[in-house]
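Asks: Take a look at the following structure, please.
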Amino acid sequence: VDVFQAWCGPCKPVMNLFQKIRNEVGSNLLQFAVAEVDSIDALGKYRGQCEPVFLFYTGGELVAVVRGADAPLLQKTILEQL
């Protein structure tokens, strides 16, 4: 989940990275979503940050968090979680 604030918007370059990885590993293994923290109370602790935050869930459980648009770290985290 790409967690963003309305004034910043979702991280579009990372969306392309996720799409590339999703095409490589199969669409049923990887789902990508965006969530605006200002409209979701459960994400309140991520408000006021100037860097994107990526939350990784498996079976409804938070399993990893990556702060910042670090493409190599995001790719490594995705592949590790898959």
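Asks: For the stretch 2-81, give the magnitude of the charge dipole about the Cα centre (Cβ charges: +1 Lys/Arg, -1 Asp/Glu; no others), in debye to the nearest 20.
Replies: 160
Asks: Follow-up. Would you work out which of Leu62, Leu29, Gln5 lies farthest towards the positive end of the dipole of the chain? Charges go on Cβ: Lys and Arg +1, Asp and Glu -1.
Replies: It is Leu29, whose Cα lies furthest towards the positive end.
Asks: Something else now. Tally up the carbon and sulfur contribution to the accessible surface of the chain as a whole percent, 1.4 Å probe, everything protein left in place.
Replies: 53
Asks: Now for a different question. Which whole-number value in Å² is the accessible area per residue of the chain, probe 1.4 Å?
Replies: Per residue, the chain has 62 Å² of solvent-accessible surface.
Asks: Where both partners of a DSSP beta bridge lie in the chain, what percent of those bridges are antiparallel, to the nearest 5?
Replies: Rounded to the nearest five, the antiparallel share is 75 percent.
Asks: Along the Cα-to-Cβ line of Ala69, 7 Å from the Cα, sits a label point; which residues in the stretch 36-54 have backbone N less than 17 Å from it?
Replies: Answer for this model: 36-37, 49-54.
Asks: Cross-link partners among aspartates and glutamates for Lys45, C-alpha distance below 18 Å, same-chain residues fewer than 8 apart left out?
Replies: Partners found: Asp2, Glu36, Glu61.
The values are calculated or read from the model by the stated rules, or taken from the named source; none is laboratory data. Not measured: the values here are computed from a predicted model. Every residue, glycine as well, gets a Cβ built from its backbone with ideal geometry; the counts of neighbours run over all protein chains shown. Remember, those area values only see protein heavy atoms, side chains included, never the ligands or the DNA or RNA. Shrake-Rupley method; radii C 1.70, N 1.55, O 1.52, S 1.80 Å.
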